[in-house]
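Visitor: Quick one: structure below, then a few questions.
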Amino acid sequence: MLNDQELLRYSRQILLQHVDIDGQLRLKESRVLIVGLGGLGSPVALYLAAAGVGELHLADFDTVDLTNLQRQIVHDTDSVGLSKVDSAIRRLTAINPEIQLIAHRTALDEDSLAAAVAAVDLVLDCSDNFSTREAVNAACVAACKPLVSGAAIRLEGQLSVFDPRRQESPCYHCLYGHGSEAELTCSEAGVVGPLVGLVGSLQALEAMKLLVGFGEPLVGRLLLIDALGSRFRELRVKRDPGCSVCGSKHA
Ligand SMILES: [Zn+2]
């Protein structure tokens, strides 16, 4: 059930026939893991907390640095030196005290990542490196949990949804398994804040669609954002039957 305060707090999205009371209850009953509380994880955590996702599981082993604040908007100047998880908890609690926040402050190894993924309904990859992305994807395929994946570097962004519950869905490894410039990180290549904000906001939106069950999720499609030209492009992406991560899953 939703109390009067919750009905008011979420009234503008409950007004949408796609959400309604039932959808809001589904959000309240949902558990979501956010891997990385940086430029992507900031808007993801802020919007999903504000939207009333019942349990947010926050994973980041890093501390807030002054160079983060240009784009990682869940943190502020007073948080420099604090763990990113604790900094985010402070801000998210201030926005919405109705939800539960679960902290993962240490680096997740294979076992703890598997357990963290098994404990939720959906995962958002907001990390900034290839090895974490590969590990999160493998854990999601193994546990059959949907993964909302976003990336942004320099002036380019990418977004896709991998949903192992759907036969036709590729996984992250189907697309990126052969490597690219994925090893480059923002600390080396640079990035602008509004672009990671845009990609993170779209990740939060895809997560809400999947949790509530409305619209057409970005499964089997890769959204490419060219910030320089203000252009959005979409590529069809297929599952690789020979993929070493998801290939045998559907065989
Ligand atoms: Zn695959």
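Visitor: Starting from one equal scatterer on each C-alpha and no solvent at all, send me the Debye-based log10 I(q)/I(0) for the chain at q = 0.07, 0.09, 0.10, 0.14 Å⁻¹, two decimals.
Guide: Reported log10 I(q)/I(0), two decimals: -0.22, -0.36, -0.45, -0.92.
Visitor: Shifting gears a bit: So if a site counts as exposed when it's one of the GluC sites (Glu not before Pro), its DSSP state isn't H, G, I, E or B, and it has at most 10 other Cβ atoms within 10 Å, what's the longest stretch of the chain without one? Provide the component values of the computation, followed by the final result.
Guide: Details: sites that count: Glu168, Glu181, Glu183.
Formally, the longest exposed-site-free interval is 1-167.
Visitor: On alpha-carbon atoms, Rg over Rh for the range 1-140 using Kirkwood Rh?
Guide: 0.99
Visitor: Counting other C-beta atoms within 10 Å, which of Asp226, Asp62 has the fewest, and how do the rest follow?
Guide: Working: Asp226 12, Asp62 15.
Taking fewest neighbouring Cβ atoms as first place, the list is Asp226, Asp62.
Visitor: About the Cα centre, and with charges only on the beta carbon of Lys, Arg (+1) and Asp, Glu (-1), how big is the dipole of the chain? Nearest 20 debye, please.
Guide: 600
Visitor: I've got another one for you. Hey, fewest Cβ within 10 Å first, where do His178, His18, His75 land in order?
Guide: In order of increasing Cβ crowding within 10 Å: His178, His18, His75.
Visitor: To continue, here is another question. With θ set to phi - 60° and the Karplus curve 6.51 cos²θ - 1.76 cosθ + 1.60, what are the ³J(HN,Hα) couplings of the range 71-84 in order, to the nearest whole Hz, using x for Gly and Pro?
Guide: 9, 9, 6, 7, 9, 9, 4, 5, 8, 4, x, 7, 5, 4
Visitor: Sticking with this structure for a sec: Counting only DSSP beta bridges with both residues in the chain, what percent are antiparallel, rounded to the nearest 5? It would help to have the intermediate numbers written out before the result.
Guide: Numbers: 18 of 37 bridges.
Percentage antiparallel, nearest 5: 50.
Visitor: At R0 = 35 Å, how high is the FRET efficiency between Thr93 and His18 if r is their beta carbon distance? Nearest 0.05 is fine.
Guide: 0.80
Visitor: Let me ask another. Hey, what did the chain get for relative contact order, percent, Cα under 8 Å, at least 6 apart? Mind dumping the intermediate values first?
Guide: On the way: 495 pairs, mean separation 49.3, N = 251.
This gives 20 percent for the chain.
Visitor: For the range 47-120, state what percent of all Cα-Cα pairs lands in each successive 5 Å bin, counting from 0 Å until the bin that includes the largest distance.
Guide: The distribution over the range 47-120 is 3, 16, 24, 22, 19, 12, 3, given as percents.
Visitor: A further question on this structure: May I ask you to list the trypsin sites (Lys or Arg not before Pro) in the range 108-190 that are in a DSSP loop and have at most 10 other Cβ atoms within 10 Å of their Cβ? Display every interim value, and only then the final one.
Guide: Numbers: sites: Arg133, Arg154, Arg165, Arg166; in loops: Arg165, Arg166.
Listed in order of number, the matching sites are Arg165.
Visitor: Also, quick follow-up: Among Met1, Met208, rank each residue by its count of other Cβ atoms within 10 Å, from fewest to most, as a rough exposure measure.
Guide: With the sparsest Cβ surroundings first, the list reads Met1, Met208.
Visitor: Give the total of Lys-Lys pairs in the chain with Cα-Cα distances below 17 Å; include a pair only if its members are 8 or more places apart or on different chains.
Guide: The number of close lysine pairs in the chain is 4.
Visitor: Ok, one more. Any idea what the relative contact order of the range 59-200 is, in percent, if you count C-alpha pairs under 8 Å spaced at least 6 apart?
Guide: Relative contact order for the range 59-200 comes out at 20 percent.
Visitor: Principal axis lengths of the range 139-219 from Cα atoms, whole Å, largest first?
Guide: For the range 139-219, the Cα extents along the three principal axes come out at 36, 28, 17 Å.
Computed from the coordinates by the stated procedures, all read-outs in this text should not be read as laboratory data. Keep in mind that this is a model prediction, so the values were computed, not measured. Using ideal geometry, Cβ is built from the backbone for each residue, glycine included, and neighbour counts are taken over all protein chains shown.
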